[in-house]
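The next block holds one structure in the form of structure tokens; read it before the comments.
Values quoted throughout were computed directly from the atomic coordinates according to the rules given, and no laboratory measurement underlies them. Bear in mind the structure is a predicted one, so any value in this text is a computation, not a measurement. Using ideal geometry, Cβ is built from the backbone for each residue, glycine included, and neighbour counts are taken over all protein chains shown.
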Amino acid sequence: MAVTVKTFTNASEAAGALSSDRSARYLGGGTLVMRALNEGDVSISTIVRAQDQALTRIDASGPRITLGAGVTFARVLAERDLAFLHAPARSIGGPAVRNMGTVGGNLFAPNPYGDFTVALLALDATIAVQGGFGSRDIPIEEFLQGRERQAGTLVLSVSCTRPASSEAFRYRKIARIKPKGGSVITLAAHLPVSGGRIAGARIALGSMAPTQIRARAAERALEGRSLDAATIAAAASAATEGTSPSDNALGSAWYRREIVGVHLRRLLSGQE
Amino acid sequence: MTKTPLQFRHNGRDVAIFVDGGTNLLVALRELIGDMTPKFGCGQGGCGTCSVLVDGELHLSCLTLAETVAGRSVETLDGMKQGPNLHPLQRAFADSFAAQCGYCTPGMLMAAKALLDRNPSPSRADVIEAISGNICRCTGYEPIINAILAAAGGRASA
């Protein structure tokens, strides 16, 4: 079925078109929306595009980085100042998907995808969105909880604070097929250290619930402690609390619950 | 439904077509231009057999809205051979038995070309990464990896 394609030169016009039409979807890199069209998704009758340079801008020079929603994973990987995001960017797709897929689109990618968003959730990213009533910033956790209702809003950019060191941010994607494959589970940990103790730990999990979630019980086990074996064991044993994984072809819910603590322990201990 | 005019470079030649809204680049290439070298596999971005180069970058044509290549350069396997001569990658694939049923081969060759255009002397790990988005169900990948390394070696010594 043919759809109507509306192309705008600036993001706010595109956001207006998106918010006024329930059957409109925003086309970023195409890896989600074109796939849906190829599968015959008749709920999409309008495709909205924006050729706005603001959407592809990278600001990675300072302590807080901002990525336009249309920045591809290949561009993240080409940016030396974004080294802390290279592991999550590299874990996505093959080269063609990384040349196409965008940071903004990844926020909407369902399981077993959306790995970059796991990293952004651990980094407490802020999502700048534009709806029919202007733009606003939303904490990523709130954005993900209301993801089903975000269809009418346009993501403009994501921003987060650069981790203090490479030790302070860790990422691990478990896939059955290497080097490319959907996620069995994905883990990211932001572990800021103050005076030898963890202050403000954030652990994010992918494929452990309908959307990416925080492992709050594991975070509590880490908070205010040094990263020793006892602390790591406590966090690992709390990893499944609050999770609700599903069965899919890559792994069962049971298997995901069994391995998440093992991989969290390895991630926190710095093991390969 | 009105059609949209679309112009782009296809293997170095300017083409102009009319596309329906939502038409993907693979359909435009195969059905409107008649270039049957990119194949339809999964339509989901999982198999890579529709791979083409857009401005030299590897893209999946089945997930590319045709209109987005307006004014850009699209290269497919059809443009790879130089006159009657096979491209060194094609020659290496033939010599190394890197194709069996052949369905993945157009995508494999485009992914390999994207790699060698950027990195003329890749390591084995680079080759594996470069074709990680392309699925082959016949060869077990080893002959394909060897063919790409052989083509790179031949190019380096040429």
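General observations
- Among (1) facing chain A (nearest Cβ under 9 Å); (2) surrounded by fewer than 16 Cβ atoms within 10 Å (Cβ to Cβ), the one test that B:Gly48 misses: (2)
- The single residue among B:Leu58, B:Leu77, B:Leu65, B:Leu89 that is closer than 22 Å to B:Ala150 by Cα, at the interface with another protein chain (Cβ under 9 Å from one of its Cβ atoms) and in contact (Cβ under 8 Å) with a residue 24 or more places away in the chain turns out to be B:Leu58.
- Per-region count, segment A:27-48, residues within 11 Å of chain B (Cβ to nearest Cβ), in contact with a helix residue (DSSP H, G or I) (Cβ under 7 Å, 6 or more places away or on another chain) and either on the phi < 0 side of the Ramachandran plot or in a helix (DSSP H, G or I) (or both): 10
- Condition check for B:Leu29: outside any loop (DSSP other than H, G, I, E, B), within 11 Å of another protein chain (Cβ to nearest Cβ) and surrounded by 17 or more Cβ atoms within 10 Å (Cβ to Cβ): no
- Helices (runs of 4 or more DSSP H) contained in segment A:68-183 and holding at least 1 residues more than 14 Å from every other protein chain (Cβ to nearest Cβ) and either touching a Gly at 6+ places or on another chain (Cβ under 8 Å) or buried (at least 22 other Cβ atoms within 10 Å of the Cβ) (or both): A:73-78, A:86-90, A:103-106, A:115-122, A:140-145
- Unique match (being buried (at least 23 other Cβ atoms within 10 Å of the Cβ) and either in contact (Cβ under 8 Å) with a residue 24 or more places away in the chain or part of a strand (DSSP E or B) (or both)) among A:Ala188, A:Ala217, A:Ala236: A:Ala188
Residue by residue, here is whether (1) more than 23 Å from A:Arg216 (Cβ to Cβ); (2) in contact (Cβ under 8 Å) with a residue 40 or more places away in the chain; (3) in contact with a Lys or Arg (Cβ under 8 Å, 6 or more places away or on another chain) holds:
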position	(1), (2), (3)
A:Thr102	yes, yes, no
A:Pro112	no, yes, no
A:Thr126	no, no, no
A:Asp137	no, no, no
A:Gly152	yes, yes, yes
A:Val155	yes, yes, no
